[in-house]
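In what follows, a structure is listed as structure tokens, so that the remarks can point back to it.
The values are calculated or read from the model by the stated rules, or taken from the named source; none is laboratory data. Owing to the predicted nature of the structure, the values given are computational and were not obtained by experimental measurement. Ideal geometry is used to build each Cβ from the backbone, glycine not excepted, and the neighbour counts take in all protein chains shown. Heavy atoms of the whole protein, side chains included, go into the accessibility calculation; ligands, DNA and RNA do not. Shrake-Rupley method; radii C 1.70, N 1.55, O 1.52, S 1.80 Å.
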Amino acid sequence: MHEPRAIVSDEIYDKILWQKSEKLISYPEAIHFMEERKHAIRAESAAELLWFLEHPAVFTAGTSARDEDLINPHGFDTYNAGRGGQWTYHGPGQRVVYLMLDLQRPHGPTPPRDLRAFVQSLEQWIIASLMQLGIKGEVREGRVGVWVIDPPTGREAKIAALGIRISRWVSWHGVSINFNPDLSHFDGIVPCGIREFGVTSIQRFNPDLTMADLDATLLENWPTFFGAQPVFNQPSGGEKVPAGKTVPS
């Protein structure tokens with residue numbers, strides 16, 4: 001595993017940084033931060049960033065979301081996300097990684113200005129990381145995200161979702177991976193518009209795994225698909241992400 005290290009200011013614009021919020025980040029707060037960051041990346045005044053976080057329970061609508069797919073018996077807040085896709089749930093126990101990258105340049109084997117290749121690399125990045133945790137993930141034609149066979153049911157279920165937005169060739173929004181969220185919360189929507197399949201989580205495969213295990217495998221596998229090893233960004237380095245609220249235990 002790669003140990004995080006700080007970077008000096010002279011290096012900052014030549015690296016992909018990563019940072020993790022230990023507290024829950026509200027959805028509007030995250031959108032505001034990503035809006036500012038994508039403009040800064042396009043202006044070449046900030047480095048690319050992978051932001052690891054969790055949200056409070058919320059439903060977000062992509063550009064293809066249908067009103068009839070929102071049921072919401074829990075009364076969670078809902079937001080229009082502006083990203084691609086349909087309805088998605090975010091909540092505690094789900095690892096969200098927001099990806100603010102300049103897609104005008106290549107990232108390892110992922111070519112520049114190729115959205116299909118970018119999405120495929122994201123899918124394969126998640127699949128490789130899950131495999132390292134002993135979970136076989138796959139993609140399915142016509143269905144976005146990563147799919148597995150759910151151990152308790154023996155049925156196919158979704159374990160990770162993708163929702164990307166591109167602004168002037170800078171990506172924002174990103175991926176969400178179900179580590180151990182309350183899966184009943186997904187009952188409030190038709191996830192990604194797909195009615196016939198359920199959702200599952202990493203801890204249904206192995207309850208001994210931790211969120212830290214997932215984060216470590218994601219960081220370790222990133223260079224295989226995107227080239228540069230992400231560099232840990234110290235909050236004192238002027239790039240601090242929102243503080244958020246305490247994650248419930």
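Structure notes:
- Relative to the longest principal axis of the Cα atoms of the chain, the long axis of helix 27-42 lies at roughly 40 degrees.
- Solvent-accessible ranking of Thr200, Thr210, Thr63, largest area first, probe 1.4 Å: Thr63, Thr210, Thr200
- Glu44-Thr153 pseudo-label distance in nm [points 7 Å out on the Cα-to-Cβ vector]: 5.0
- As a length-normalised measure over Cα pairs under 8 Å and 6 or more apart, the relative contact order of segment 32-163 settles at 19 percent.
- Sum of side-chain charges, Gly93 neighbourhood, beta-carbon under 9 Å (Lys, Arg +1; Asp, Glu -1): -1
- Angle between the chain longest axis and helix 211-226 axis [Cα atoms, degrees, rounded to 10]: 60
- Karplus-derived 3J(HN,Hα), 6.51/-1.76/1.60, for each residue of segment 80-90, Hz, glycine and proline x: 7, 8, x, 7, x, x, 10, 7, 9, 9, 10
- Once the Cα-Cα distance is subtracted from the 0.36 nm per residue extended length, the Arg140 to Asn80 segment shows a gain of 19.0 nm.
- Carbon and sulfur %, accessible surface of the chain computed with the full protein complex present, 1.4 Å: 49
- Distant-in-sequence amide H partners of His107 (H built 1.01 Å from N, under 5 Å): none
- Residue ranking by accessible heavy-atom surface, 1.4 Å probe, largest first, among Arg168, Arg105, Arg83 comes out as Arg168, Arg105, Arg83.
- Taking all Cα pairs closer than 8 Å and separated by 6 or more residues, the relative contact order of the chain comes to 28 percent.
- Distances between placed amide hydrogens fall under 5 Å for Val231 paired with Ile16, Leu17, Trp18, all partners being 5 or more residues away or on another chain.
- Rounded to 5, the percent of DSSP beta bridges in the chain classed as antiparallel: 70
- Taken per residue, the accessible surface of the chain reaches 46 Å², heavy atoms only and a 1.4 Å probe.
- Count Lys and Arg as plus one, Asp and Glu as minus one, and take only other residues whose Cβ is under 15 Å from that of Gly174; the net charge is then 0.
- A probe of 1.4 angstrom, applied to the heavy atoms of all protein chains, finds Val139 with accessible area near 60 square angstrom.
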